[in-house]
Amino acid sequence: MFKVVCAPDSFKGSLAASEVVRAMERGIKSFCPEAEVVKLPLSDGGEELVDSLVAATKGKKKNTVVTDPLGRKVEAGYGILGDGQGVMEMAAASGLPLVAPEELNPLRTTTFGTGELLQALLDEGCRTVIVGIGGSATNDGGIGMLQALGGRFFDSEGKELGWGGGELNKLADFNLEGLDPRIEKTEIKVACDVDNPLTGENGATRVYGPQKGATLKMIEELERGLGHFGDLIREKKGIEVNSYPGSGAAGGLGAGMMVFLGGKLQPGVDLVLDTVRFEDKIKGADLVITGEGRLDKQTIYGKTALGVVRRSKKIPVVAVGGWVEPEIALLREEGLTAFFSILDRPRSLEEAMKIAPMLLERSCEEIIRLFFSGRKT
């Protein structure tokens, strides 16, 4: 029996990872109908984390109503995995897509909804929760999330802080005695695909603030606020977060989850591969096919394809993508067998995205044909 494992990320803007694996399977079976195809839609911890893990573990997806970054009510999804773990994406409650470009203002946006989403998983009885923290519209260090969970933050006059990163400069004290007691009994795994510290030139504000709507003046205010937050954490908790790798993820949410919820920051792709028990799924496989919409230099710094290649060991791995840059050849040093663009001729981006399923099918059929040809020689 010929066994192929299809383990791609999404083709962003075109196909969800679950759609990618179905197209790959059709291509494989068009040449080799008897092939065993294991479909493993993946994520690097950002977009589609919930959908990928729910699909891979035969779990279920649910919805709840939470607070969006500007205080409005919005429906957000979360997942219960086949093994009972919970999974959520902070972007579903506190992400950029929820805020119109003209509304972006990290001085005001809050992670309160992220706390509500986490609380929904606690209500489900989950005592291990995976949290993807990419794509935030916020820069509040996670205090909004903590406020939703029962934490209290005060200014020098004892007044409770409001929402948004602009409040951090007023912070004088905090009280976590009212924090949901279930947190202490819950393991929080944080899928974090960046290593930015809380503050500094490579910190949360200076690197990601502009895409959240921060002007130069806002950036200085937000940077002071996060630095003050980090200093207070060091003073009160004895933990240095200002320079800690990953603490700046999602506008400092990484720091807030690590310090106050005991969250463990982990590379997203490794966390996902562990959760879907990747090594078990590839046992006996003849070939692994991975990929994503764009294979470029970012891929070699921790994206899905890199994780798949490293975990596949002696099994041949082929990567496919719509846009493929020469730097992807560096993955050969990690064990990548070959890489291909699915494009058959020059096409506009709009056209290529529209027919991506057909292009994927055709490419995977050709890969299998080539693989069998090599077996005969």
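The values are calculated or read from the model by the stated rules, or taken from the named source; none is laboratory data. Computed from a predicted model, the values in this text were never measured in an experiment. Every residue, glycine as well, gets a Cβ built from its backbone with ideal geometry; the counts of neighbours run over all protein chains shown.
Which helices (runs of 4 or more DSSP H) sit wholly inside segment 210-280 and have at least 3 residues that are over 26 Å from I300 (Cβ atoms) and in contact with a helix residue (DSSP H, G or I) (Cβ under 6 Å, 6 or more places away or on another chain)?
Numbers: elements: 216-237, 249-261, 268-275.
In segment 210-280, the matching helices (runs of 4 or more DSSP H) lie at 216-237, 249-261.
In segment 332-340 there is at least one residue matching the filter, namely being at negative phi, in contact with a Ser or Thr (Cβ under 8 Å, 6 or more places away or on another chain) and assigned by TED's automatic domain parsing to the domain that holds S18.
Here is the figure for segment 91-112: residues that are within 10 Å of S136 (Cα to Cα) and assigned to a helix (DSSP H, G or I) total 7.
Taken across segment 317-325, residues that are over 22 Å from the mean Cα position of the chain (by Cα) and farther than 16 Å from P41 by Cα do occur, with at least one present.
Just a yes or no: is a residue in segment 103-111 within 15 Å of the chain's Cα centre (by Cα) and buried (at least 20 other Cβ atoms within 10 Å of the Cβ)? I'd like the intermediate steps shown before the answer.
From segment 103-111, those within 15 Å of the chain's Cα centre (by Cα) are none; that's our starting set.
No, segment 103-111 contains no residue that is within 15 Å of the chain's Cα centre (by Cα) and buried (at least 20 other Cβ atoms within 10 Å of the Cβ).
Residue-wise test of (1) out of contact with any Asp or Glu (no Cβ under 6 Å at 6 or more places or on another chain); (2) modelled with pLDDT of 95 or more; (3) part of a strand (DSSP E or B); (4) surrounded by 21 or more Cβ atoms within 10 Å (Cβ to Cβ).
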residue: S52; (1), (2), (3), (4): yes, no, no, yes
residue: A56; (1), (2), (3), (4): yes, no, no, yes
residue: N63; (1), (2), (3), (4): no, yes, yes, no
residue: V74; (1), (2), (3), (4): no, yes, yes, no
residue: G84; (1), (2), (3), (4): yes, yes, no, no
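Would you be able to say whether some residue in segment 224-245 is within 25 Å of D44 (Cα to Cα), of a type in the set (S, T, Y) and surrounded by fewer than 16 Cβ atoms within 10 Å (Cβ to Cβ)? Yes, there is a match, as at least one residue in segment 224-245 is within 25 Å of D44 (Cα to Cα), of a type in the set (S, T, Y) and surrounded by fewer than 16 Cβ atoms within 10 Å (Cβ to Cβ).
Filtering D140, D193 for residues that are modelled with pLDDT under 95, crowded, with 23+ Cβ neighbours inside 10 Å and assigned to a loop (DSSP other than H, G, I, E, B) leaves a single hit, D193.
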